[in-house]
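First up is the structure itself, then whatever we jot down about it.
The values are calculated or read from the model by the stated rules, or taken from the named source; none is laboratory data. All figures in this text were calculated on a predicted structure; none of them were measured in a lab. So basically every Cβ, Gly included, is an ideal-geometry build from the backbone, and we count neighbours across all protein chains shown.
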Amino acid sequence: MNHPIWHNIHPDFRFNGASYTNDELIALGKELVNTDEAYQVHIGQFLLDWLSDKSIVEVSTSGSTGTPKIIELRKEHMVNSALATGAYFQLEPRQKALLCLPLTGIAGKMMLIRAMVLGLHLDAVEPSSKPLQENKTYDFAAMVPLQVQNSIDQLSQIRKLIIGGAPVDTKLRYILRDSSVEAFETYGMTETITHIAVKKTNHKPSEYFETLSGVTIQTDDRGCLVIDAPKISDAEVVTNDLVEINGENQFKWLGRYDSIINSGGIKLFPEKIEEKLAPLIRERFFLAGLPDETLGQKLVLVVEGEPYNEQDLLQSIKSLPSISKYEVPKQVYFVKTFTETATQKINRTKTLERIT
């Protein structure tokens, strides 16, 4: 009897330094679900789920662009995604990888799957804002921008780093410029089983994402990205991401279709303006459009933390050479603590509801 493809654990796979047969991994899963550490419980639960005969995995979307929902992903597609990542980044068996993301989301799950499929030696640590331990080096790791920012002095411990979960802003790109790590920003979502495209963030950075093998892209009549990737999704994935396509396998991300602000007939892309403001504002922030009798929508800046001088901040923004007069916020709001999604992304909608 043939085993399901997801039961084919690579013989070189190591988890925290130890090798495991399938039965031993199941035993490890049962052991981990009874520990006191939540992150270990999640690893254990996923190991048991992955090594079952069930052909699908239920995963929750992040909720950063809408209400979180449970979707079903085929395990065969998840294996294909792992293989595509391995091919793109030229990952080899026995190379060392770091799992520092929670397994409650697709990104953490896929790091474990990549290790099992590709035969990586995986260290799993408790997810934190500064996950790297001293004297540990890795060939491959995945982090969210906050982890990268807090680990900047240790990034030489990683050879190749993928960054996802939120856009890499101008400030972080600048910080990464002189780091020895090869850093890549990823584009993807739960529906595409993490990334389907990546772009270099440092060492000859690119403004275009490049798709992985087996991914075809086009735009719909709104100018939004449509992804055809039969090895990881049975249907086309229609996004709300406005893009500019370059050739057959590259695109530039412009912003979210559903976050465009129409202010007095001028279309503003908040994400692109946020990139320009990132070097100026230390705190977390975002831009949004609020109803305005004259303009239809007015551009506002929402900053996390205690209030400080709004006029000084607006004057500094006006002084930026890259900012047009239409991109200067009409008003600044300060919110002590942003509302977040379950995966620690800023929930813009819920945060805005608190100031309107």
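Screening His42 on (1) exposed (fewer than 13 other Cβ atoms within 10 Å of the Cβ); (2) touching a Leu at 6+ places or on another chain (Cβ under 7 Å) shows it passes everything except condition (1). The listed residues are Glu24, Glu58, and the only one of them that is of a type in the set (D, E, K, R) and in a strand (DSSP E or B) turns out to be Glu58. Being surrounded by fewer than 18 Cβ atoms within 10 Å (Cβ to Cβ) and either part of a helix (DSSP H, G or I) or of a type in the set (Val, Ile, Thr) (or both) is the filter here; which residues of segment 84-113 pass it? Ala87, Tyr88 - these are the residues of segment 84-113 that are surrounded by fewer than 18 Cβ atoms within 10 Å (Cβ to Cβ) and either part of a helix (DSSP H, G or I) or of a type in the set (Val, Ile, Thr) (or both). All told, Asp49 falls short of being surrounded by 15 or more Cβ atoms within 10 Å (Cβ to Cβ), among the acidic types (Asp, Glu) and within 22 Å of Ile162 (Cβ to Cβ).
Within segment 205-216, residues that are outside the structural domain of Pro167 (by TED's automatic domain parsing) and closer than 28 Å to Leu172 by Cα have Cβ atoms under 8 Å from residues that are of a type in the set (D, E, K, R) and surrounded by fewer than 21 Cβ atoms within 10 Å (Cβ to Cβ) in no pair, counting only partners at least 6 apart in sequence or on another chain.
When segment 174-207 is filtered for residues that are small (Gly, Ala, Ser) and out of contact with any helix residue (DSSP H, G or I) (no Cβ under 7 Å at 6 or more places or on another chain), the ones remaining, listed by number, are Gly188, Ala197, Ser206. Those strands (runs of 3 or more DSSP E) of segment 243-341 in which 1 or more residues are closer than 25 Å to Asn150 by Cα occupy 285-292, 296-304, 331-335.
If you go through segment 135-184 and pick out every residue that is more than 23 Å from Lys345 (Cα to Cα) and touching a strand residue (DSSP E or B) at 6+ places or on another chain (Cβ under 6 Å), you end up with 8. One residue stands out among those in segment 172-191 that are outside any strand (DSSP E or B) and acidic (Asp, Glu): the one that is surrounded by the most Cβ atoms within 10 Å (Cβ to Cβ), which is Glu191.
Contact map, segment 295-315: first residue in the same structural domain as Lys276 (by TED's automatic domain parsing) and closer than 16 Å to Arg282 by Cα, second residue acidic (Asp, Glu) and not in a strand (DSSP E or B), Cβ cut-off under 8 Å, separation 6 or more or different chains; pairs are Val303/Glu283; Glu304/Glu283; Gly305/Glu283. Tell me, please, whether a residue that is farther than 24 Å from Ala278 by Cβ and surrounded by 14 or more Cβ atoms within 10 Å (Cβ to Cβ) can be found in segment 202-212. Scanning segment 202-212, I find at least one residue that is farther than 24 Å from Ala278 by Cβ and surrounded by 14 or more Cβ atoms within 10 Å (Cβ to Cβ), so the answer is yes. Residue pairs whose Cβ atoms lie under 6 Å apart, separated by 6 or more positions or on different chains, with the first residue in segment 318-330 and among the aromatic types (Phe, Trp, Tyr) and the second not in a helix (DSSP H, G or I), are Tyr326/Ile266. Are any of the residues in segment 118-127 under 18 Å from the mean Cα position of the chain (by Cα) and in a strand (DSSP E or B)? No, there is no match, as no residue in segment 118-127 is under 18 Å from the mean Cα position of the chain (by Cα) and in a strand (DSSP E or B). Any chance segment 153-171 includes a residue that's assigned to a helix (DSSP H, G or I) and touching a residue at least 40 places away in the same chain (Cβ under 8 Å)? Yes; the residues of segment 153-171 include at least one that is assigned to a helix (DSSP H, G or I) and touching a residue at least 40 places away in the same chain (Cβ under 8 Å). Checked against (1) at positive phi; (2) loosely packed, with under 15 Cβ neighbours inside 10 Å; (3) modelled with pLDDT under 95, Thr67 passes all but a single condition, namely (1).
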